[in-house]
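Asker: Input: one structure, supplied below.
The values are calculated or read from the model by the stated rules, or taken from the named source; none is laboratory data. This one's a predicted model, so the numbers in the text were calculated from it and none came from an experiment. Every residue, glycine as well, gets a Cβ built from its backbone with ideal geometry; the counts of neighbours run over all protein chains shown. Accessible surface areas use protein heavy atoms only, side chains included; no ligands, DNA or RNA. Shrake-Rupley method; radii C 1.70, N 1.55, O 1.52, S 1.80 Å.
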Amino acid sequence: MNLPEKARKLDEADELRGKRAAFVLDDDTVYLDGNSLGALPTTVPGRMADVVAREWGRLRIRSWTESGWWTAPERIGDRIAPLVGAAPGQIVVGDSTSVNVFKALVGAVRMAGAERDEIVVDATTFPTDGYIAESAARMTGRRLVAVEPRELRSALGPRTAVALVNHVDYRSGRLHDLPGVTASAHAAGALVVWDLCHSAGALPVGLDAHGVDLAVGCTYKYLNGGPGSPAFLYVRRDLQAGFDSPLPGWNSHRDPFGMSPRYEAADGAPRGRVGTPDILSMLALEAALEVWDEVPIEAVRDKSLALTDFFLECVAAYVPAGRVESITPARHEERGSQVALRRADAGEVMGSLIARGVVGDFRQPDVLRFGFTPLYVSFADVERAARVLAEVISTR
Ligand SMILES: Cc1ncc(COP(=O)(O)O)c(C=O)c1O
């Protein structure tokens, strides 16, 4: 069977194929950048028009209560919860991932106790996590220890307060061992904060099942919340009472409208809030999450692996040997939902791909990154992307 025919068969058998209609996509573009900015769900524009014209335009201040604006951070957190394996009441939505990394790390250091004087971070982390970990270490008087992910488990010990780890590496697409690293952290008496930016909405995370302490993630990638949509913070239920936020804004007060000069932290997930939520982005995210109704995350994972397998198969068939090198692990247990290919002229190649309607992205210095969002990427898209990649490379 040739590859276009195989793609057709795979698309016919795809249980999620009906979901593609829930997104605004153009037929002449293959969109493989949903690991950077998810496509627009069709539920969003109408909902936003209503939020702006009626809730803001006509109800104005009344919407904080009558339209449920005030409680949106927890409500939307509960909507994300099943996608990352969390029971309700543990996730709050708001701020950026960077800000939530700060809250989680400093909160974890405070819970870990004074004798634990190290913050461990994975050396390959997305830069913002590293920058914030360095500042958090300076502020809390801890030492920052950066280690390669494969050495993480052995780096955790009696001095570790907390480890900050990316679930999926943004550059290579490598999936790190969340259950194993979490168990090692706990065996060492340490806490762990997971950055789920590249796994939330792409694969089962199992936060509760694996006893994760704290986690953060963005919503504009696989959750399709829109550019700059608010991030989320998970604090495991039994840690919430001890979570002492370094950003105790009035929204996280037990009685925000009591306007007390003395801070008293709210119970539960709202303790992770800071200031007034960005309602427009937040409600766009809420509308975007409707596409997940009745979509099991396990089905998303199955399709994601099938898409990335098929892409690697098509690349191997179409691109002559030695012209690109995959830095994405071949083993399913170690692969997220993207494929990263290395080539010295990756920047120029990606420019040509985009000009020909195949949109991935380029990461310095030499990585072509292709993200596969199972809700809207088809196997025909995958075959076309690999074919166009081979054509571009053959001209260089
Ligand atoms: C793993 C990871 N962490 C953090 C961020 C940045 O998050 P934010 O810009 O929401 O602070 C990104 C953005 O792509 C990311 O990939």
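Asker: Do we find that Val339 is within 19 Å of the chain's Cα centre (by Cα) and buried (at least 22 other Cβ atoms within 10 Å of the Cβ) in this structure? Give the derivation first.
Answerer: Details: within 19 Å of the chain's Cα centre (by Cα): yes; buried (at least 22 other Cβ atoms within 10 Å of the Cβ): yes.
When the stated conditions are applied, Val339 passes them.
Asker: Collect the residues in the range 269-297 that are of a type outside the set (A, V, I, L, M) and surrounded by 17 or more Cβ atoms within 10 Å (Cβ to Cβ), keeping them in residue-number order. If you could, list the steps in order and put the result at the bottom.
Answerer: Restricting attention to the range 269-297, the residues satisfying the condition of being of a type outside the set (A, V, I, L, M) are 270-273, 275-278, 281, 286, 290, 292-294, 296.
Passing the criteria: Pro270, Arg271, Gly272, Arg273, Pro277, Asp278, Ser281, Glu286, Trp292.
Asker: Pull up the range 119-148, narrow it to residues that are farther than 24 Å from Pro246 by Cα and away from the ligand (no atom under 13 Å from the Cβ), then point me to the one that is surrounded by the most Cβ atoms within 10 Å (Cβ to Cβ).
Answerer: Here is the first cut: in the range 119-148, the ones farther than 24 Å from Pro246 by Cα are 123-124, 147-148.
Add one more test, that the residue is away from the ligand (no atom under 13 Å from the Cβ), and what stays is 123, 147-148.
Working: Ala123: 13, Val147: 18, Glu148: 10.
Across the range 119-148, the extreme among qualifying residues is Val147.
Asker: Here are Val193, Val212, Val205: which of them is crowded, with 18+ Cβ neighbours inside 10 Å and not in a loop (DSSP other than H, G, I, E, B)?
Answerer: Working: Val212 fails: not in a loop (DSSP other than H, G, I, E, B); Val205 fails: not in a loop (DSSP other than H, G, I, E, B).
Of the residues listed, the single one that is crowded, with 18+ Cβ neighbours inside 10 Å and not in a loop (DSSP other than H, G, I, E, B) is Val193.
Asker: In the range 364-382, what count of residues is obtained for those that are surrounded by fewer than 18 Cβ atoms within 10 Å (Cβ to Cβ) and within 17 Å of Arg174 (Cβ to Cβ)?
Answerer: The total comes to 1.
Asker: I would also like to ask the following. Looking at the range 78-105 only, could you name the residues that are more than 16 Å from the ligand (Cβ to nearest atom) and part of a helix (DSSP H, G or I)?
Answerer: Start the filter on the range 78-105 by keeping residues that are more than 16 Å from the ligand (Cβ to nearest atom), which leaves 78-79, 81-83, 85-90.
Listed by number, the residues that qualify are Asp78, Arg79, Ala81, Pro82, Leu83.
Asker: Here is a further query. Is the range 21-39 home to any residue that is in a helix (DSSP H, G or I) and either under 16 Å from Asn224 (Cα atoms) or open to solvent by less than 50 Å² (accessible area, probe 1.4 Å) (or both)? Walk me through how you get there before you give the answer.
Answerer: Of all residues in the range 21-39, those in a helix (DSSP H, G or I) come to 21-22.
So of that shortlist, the ones also either under 16 Å from Asn224 (Cα atoms) or open to solvent by less than 50 Å² (accessible area, probe 1.4 Å) (or both) come out as 21-22.
The answer is yes, given that some residue of the range 21-39 is in a helix (DSSP H, G or I) and either under 16 Å from Asn224 (Cα atoms) or open to solvent by less than 50 Å² (accessible area, probe 1.4 Å) (or both).
Asker: Just to verify a result, which residue in the range 40-68, among those that are out of contact with any Leu (no Cβ under 8 Å at 6 or more places or on another chain) and assigned to a loop (DSSP other than H, G, I, E, B), is nearest to Leu223 (Cα to Cα)?
Answerer: Result: Thr42.
Asker: Further question: Here are some residues: Glu74, Glu151, Glu115. Which one is outside the structural domain of Arg363 (by TED's automatic domain parsing), open to solvent by 50 Å² or more (accessible area, probe 1.4 Å) and part of a helix (DSSP H, G or I)?
Answerer: Details: Glu74 fails: open to solvent by 50 Å² or more (accessible area, probe 1.4 Å); Glu115 fails: part of a helix (DSSP H, G or I).
Among Glu74, Glu151, Glu115, only Glu151 is outside the structural domain of Arg363 (by TED's automatic domain parsing), open to solvent by 50 Å² or more (accessible area, probe 1.4 Å) and part of a helix (DSSP H, G or I).
Asker: Sticking with this one: Has the range 154-161 got at least one residue that is within 15 Å of the ligand (Cβ to nearest atom), in contact with an Asp or Glu (Cβ under 6 Å, 6 or more places away or on another chain), over 18 Å from Ala269 (Cα atoms) and assigned by TED's automatic domain parsing to the domain that holds Leu207? So that I can check it myself, show each step before the final result.
Answerer: Here is the first cut: in the range 154-161, the residues within 15 Å of the ligand (Cβ to nearest atom) are none.
No: zero hits.
Asker: Have a look at Asp309, Asp278, Asp293 and point out the one that is within 15 Å of Thr43 (Cβ to Cβ) and of a type outside the set (Lys, Arg).
Answerer: On the way: Asp309 fails: within 15 Å of Thr43 (Cβ to Cβ); Asp278 fails: within 15 Å of Thr43 (Cβ to Cβ).
Step by step, each of Asp309, Asp278, Asp293 is checked, and only Asp293 is within 15 Å of Thr43 (Cβ to Cβ) and of a type outside the set (Lys, Arg).
Asker: Taking Thr308 as the residue in question, decide whether it is of a type in the set (Ser, Thr, Tyr), closer than 27 Å to Ala86 by Cα, in a helix (DSSP H, G or I) and modelled with pLDDT of 95 or more. I'd like the intermediate steps shown before the answer.
Answerer: Values: of a type in the set (Ser, Thr, Tyr): yes; closer than 27 Å to Ala86 by Cα: yes; in a helix (DSSP H, G or I): yes; modelled with pLDDT of 95 or more: yes.
Spelling it out, Thr308 is indeed of a type in the set (Ser, Thr, Tyr), closer than 27 Å to Ala86 by Cα, in a helix (DSSP H, G or I) and modelled with pLDDT of 95 or more.
Asker: Does Leu353 qualify as being at pLDDT 95 or above and farther than 16 Å from Val30 by Cα?
Answerer: Working: at pLDDT 95 or above: yes; farther than 16 Å from Val30 by Cα: no.
No; evaluated as a whole, the condition is false for this residue.
Asker: Next question, about the same structure. Only one residue in Gly322, Gly351 is farther than 18 Å from His198 by Cα, open to solvent by 30 Å² or more (accessible area, probe 1.4 Å), not assigned by TED's automatic domain parsing to the domain that holds Asp195 and not in a helix (DSSP H, G or I). Which one? So that I can check it myself, show each step before the final result.
Answerer: Working: Gly351 fails: not in a helix (DSSP H, G or I).
Of the residues listed, the single one that is farther than 18 Å from His198 by Cα, open to solvent by 30 Å² or more (accessible area, probe 1.4 Å), not assigned by TED's automatic domain parsing to the domain that holds Asp195 and not in a helix (DSSP H, G or I) is Gly322.
Asker: Consider only pairs whose beta carbons are under 8 Å apart and that are at least six residues apart or on different chains; among these, list those whose first residue lies in the range 2-28 and is closer than 28 Å to Leu285 by Cα and whose second residue is of a type in the set (Lys, Arg) and open to solvent by less than 60 Å² (accessible area, probe 1.4 Å).
Answerer: Asp14/Lys303; Glu15/Lys303; Leu16/Lys303
Asker: Looking only at the range 219-241, which residues are open to solvent by 40 Å² or more (accessible area, probe 1.4 Å), within 12 Å of the ligand (Cβ to nearest atom) and out of contact with any Phe, Trp or Tyr (no Cβ under 7 Å at 6 or more places or on another chain)? Step through it out loud before you land on a result.
Answerer: Pass one, the range 219-241, residues open to solvent by 40 Å² or more (accessible area, probe 1.4 Å): 220, 227-228, 236-238, 241.
Subset that is within 12 Å of the ligand (Cβ to nearest atom): 220, 227-228.
Of everything in the range 219-241, just one residue is open to solvent by 40 Å² or more (accessible area, probe 1.4 Å), within 12 Å of the ligand (Cβ to nearest atom) and out of contact with any Phe, Trp or Tyr (no Cβ under 7 Å at 6 or more places or on another chain), namely Tyr220.
Asker: Moving on to the next point. Just checking, which of Arg62, Arg54, Arg75 is of a type outside the set (A, V, I, L, M), within 30 Å of Ser252 (Cβ to Cβ) and in contact (Cβ under 8 Å) with a residue 12 or more places away in the chain? Spell out how you get there, then give the answer.
Answerer: Numbers: Arg62 fails: in contact (Cβ under 8 Å) with a residue 12 or more places away in the chain; Arg54 fails: in contact (Cβ under 8 Å) with a residue 12 or more places away in the chain.
Selected residue: Arg75, the only one of Arg62, Arg54, Arg75 that is of a type outside the set (A, V, I, L, M), within 30 Å of Ser252 (Cβ to Cβ) and in contact (Cβ under 8 Å) with a residue 12 or more places away in the chain.
Asker: Does Arg47 satisfy being over 30 Å from Pro127 (Cα atoms), touching a residue at least 24 places away in the same chain (Cβ under 8 Å), of a type outside the set (A, V, I, L, M, F, W, C) and open to solvent by 20 Å² or more (accessible area, probe 1.4 Å)?
Answerer: Working: over 30 Å from Pro127 (Cα atoms): yes; touching a residue at least 24 places away in the same chain (Cβ under 8 Å): yes; of a type outside the set (A, V, I, L, M, F, W, C): yes; open to solvent by 20 Å² or more (accessible area, probe 1.4 Å): yes.
It is true that Arg47 is over 30 Å from Pro127 (Cα atoms), touching a residue at least 24 places away in the same chain (Cβ under 8 Å), of a type outside the set (A, V, I, L, M, F, W, C) and open to solvent by 20 Å² or more (accessible area, probe 1.4 Å).
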